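Worksheet: one structure, shown below.
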Amino acid sequence: MKQDSTRNSAYTVDCEDYVHVVKFNPFESGDACSLIAYGGNNYVVVGTCRFQEEDAEVEGMQYKTLRTFHHGIRVDAIAWSPETRLDALPPRIRFCTAASDRRLRLYTSDLQDKNEFKTFDGHSDYINDLVFAPKEGQEVASVSDDHTCRVWDLEGNEKAHFVLRSPGMSVCWHPEEPFKLMVAEKNGTIRFYDLVTQQAILSLECEQKPLMSADWCLKNNLKIGAVAGSDWLIWDVTRSSYPQDKRPIHVDRARLFRWSRVNENLFATTGYPGKTNTQLLVHHLGHPQPILTGTAAVGSGLTWHRTLPLCAVGGDHKIFFWVSEM
């Protein structure tokens with residue numbers, strides 16, 4: 001494995017607009033291709049991807065747009081529903097967005113005539129993250145600068161409301177822990193809430209701030225990762241409420257942390273968009289240095305493929321894809 005190999009992205013997809021957020025569908029959708037959604041200044045595009053790493057007959061990468069959804073306002077976050085199926089008749093696409101007008105929008109489409117969206121109102125400030133319940137997809141959780149985490153049903157009714165002590169930056173829902181929600185706050189605290197009793201049951205501390213992003217490891221539900229200040233931090237929830245491992249990585253400030261979906265030791269971080277580009281770093285816990293360094297022109301968003309060690313970042317009229325080793 002080459003240490004600290006700086007490289008250009010393996011693949012790019014051209015987009016009509018600046019890409020603020022990009023998200024691979026983390027759920028099985030019944031098709032060989034992977035679903036990806038990206039959001040710009042006033043639309044969301046849903047497409048499919050296939051890579052040579054998974055199909056020898058593909059040269060490089062194949063991308064196809066399935067549908068463009070008018071959004072009318074900048075897209076800040078996207079979450080996929082596990083109810084999305086490409087093998088159903090008709091197919092069903094369902095996702096939710098957070099926008100700069102403090103609203104959530106739930107989109108449901110059959111990629112033909114049926115295209116519906118509902119608006120969820122309630123947050124009084126910027127929404128930083130959102131996620132669907134991973135099993136049935138009948139609820140959506142969101143966190144905001146208004147110091148709340150809210151859980152909604154698909155009609156937009158508020159089912160739970162957690163008051164935070166600082167802005168909510170990340171919210172995660174693990175498929176093996178369907179009755180727990182992980183909420184990361186900007187002040188450096190990560191809390192787990194029991195959705196049945198609606199009480200906080202466990203908290204982790206960064207001991208530094210601002211915490212900008214945190215993630216719950218799919219492959220090992222005892223592992224939590226985050227970025228705060230210019231460091232990445234990793235916890236084992238069975239051992240301590242303080243990080244087991246941490247390392248300074250980004251020169252300025254780290255922005256996003258995402259675990260790979262295929263390996264519990266692989267994760268990616270991004271720095272803040274600089275004057276010209278954003279740095280993407282892919283880390284492996286067994287290696288002292290990042291195993292991959294990439295740069296994207298004013299990039300934003302970070303997402304891992306469901307079954308490959310491949311991640312994507314949005315940028316100026318482009319999506320960039322990097323392939324790392326396991």
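The values are calculated or read from the model by the stated rules, or taken from the named source; none is laboratory data. The model shown is predicted, which means the values in this text are computed figures rather than measured ones. We place every Cβ from the backbone using ideal geometry, glycine too, and count neighbours over all the protein chains shown. The area values use the complete protein model at the heavy-atom level, side chains included, leaving out ligands, DNA and RNA. Shrake-Rupley method; radii C 1.70, N 1.55, O 1.52, S 1.80 Å.
Give, rounded to the nearest 20 debye, the magnitude of the charge dipole that segment 1-114 has about its Cα centre when Lys and Arg contribute +1 at Cβ and Asp and Glu contribute -1 at Cβ.
Dipole magnitude for segment 1-114 comes out near 540 debye.
Taking Lys246 as the anchor, which lysines have their alpha carbon closer than 17 Å to its alpha carbon, excluding any fewer than eight residues away along the same chain?
In chain and number order, the partners are Lys209, Lys223.
What's the magnitude of the charge dipole for the chain around its Cα centre, counting Lys and Arg as +1 and Asp and Glu as -1 at the beta-carbon? Answer in Debye, nearest 20.
Roughly 500 debye for the chain.
May I ask you to rank Arg165, Arg258 by accessible area, largest first, using a 1.4 Å probe over the protein chains only?
Ranked from most to least accessible, the order is Arg165, Arg258.
Between Glu155 and Asp121, with labels modelled 7 Å along Cα→Cβ, what's the label distance in nm to one decimal, could you check?
With each label point 7 Å from Cα toward Cβ, the separation is 1.7 nm.
Once fully extended, how much extra length lies between Asp110 and Asn8, figured as 0.36 nm per residue of separation less the alpha-carbon to alpha-carbon distance?
33.1 nm is the gain from fully extending Asp110 to Asn8.
Please state the Cα pair-distance histogram of segment 36-98 with 10 angstrom bins from zero: what percent is in each bin?
Values per bin, smallest distances first: 19, 43, 32, 6.
If packing is taken as the average number of other Cβ atoms within 10 Å across a peptide's residues, how do 116-125, 206-215 rank, most packed first?
206-215, 116-125
Taking all protein chains together and a probe of 1.4 Å, list Val151, Val251, Val262 from the most accessible to the least accessible.
Val251, Val262, Val151
Can you tell which of Ser124, Leu106, Thr189 lies farthest toward the positive end of the dipole of segment 105-190, using +1 and -1 charges on the Cβ of basic and acidic side chains (Lys, Arg; Asp, Glu)?
Checking the options against the dipole of segment 105-190, the answer is Thr189.
Any idea what the dipole of segment 82-194 comes to, in debye rounded to 20, about its Cα centre with Lys/Arg Cβ at +1 and Asp/Glu Cβ at -1?
That gives a dipole near 140 debye.
Could you state the accessible area per residue of segment 158-271 in Å², with a 1.4 Å probe and every protein chain left in place?
Roughly 41 Å² per residue, with all protein chains present.
What's the extension gain from Ile73 to Thr293 if we count 0.36 nm per residue and subtract their Cα-Cα distance?
Fully extending the segment from Ile73 to Thr293 adds 76.0 nm.
Would you mind classifying segment 10-115 by shape? Square roots of the alpha carbon gyration tensor eigenvalues, ordered a ≥ b ≥ c; an a/c under 1.5 is rounded, otherwise it is prolate if a/b is larger than b/c and oblate if not.
oblate
In nm, give the distance between the simple-model label positions of Asp17 and Asp31, each being 7 Å from the Cα along the Cα-to-Cβ direction.
A separation of 2.1 nm, rounded to one decimal place.
Sorted by accessible area with a 1.4 angstrom probe, largest first, how do Ile201, Ile249 fall?
Ile201, Ile249
Under the 0.36 nm per residue contour assumption, what length would be gained going from the current alpha-carbon distance of His317 and Gln198 to full extension?
Working it through step by step, the gained length comes to 38.6 nm.
Return the FRET efficiency for the residue pair Ser166, Ser100: r is the Cβ-Cβ distance, R0 is 22 Å, and the value is rounded to the nearest 0.05.
Calculated value: 0.60.
Rounded, prolate or oblate: which fits segment 72-214, taking a ≥ b ≥ c as square roots of the Cα gyration tensor eigenvalues, rounded meaning a/c under 1.5, else prolate when a/b beats b/c?
prolate
Based on the alpha-carbon gyration tensor of segment 159-230 and its eigenvalue square roots a ≥ b ≥ c, which shape applies: rounded if a/c is under 1.5, prolate if not and a/b is larger than b/c, or oblate?
Because a/c hits 1.5 or more and a/b fails to exceed b/c, segment 159-230 counts as oblate.
Considering Cα pairs under 8 angstrom that are at least six residues apart, work out the relative contact order of the chain and quote it in whole percent.
15
What is the distance in Å between the Cα centres of segment 251-326 and segment 187-225?
21
Seen from all sides and averaged, what is the projected area of the convex hull of the Cα atoms in the chain, in nm²?
Averaged projected hull area, Cα only: 15.4 nm².
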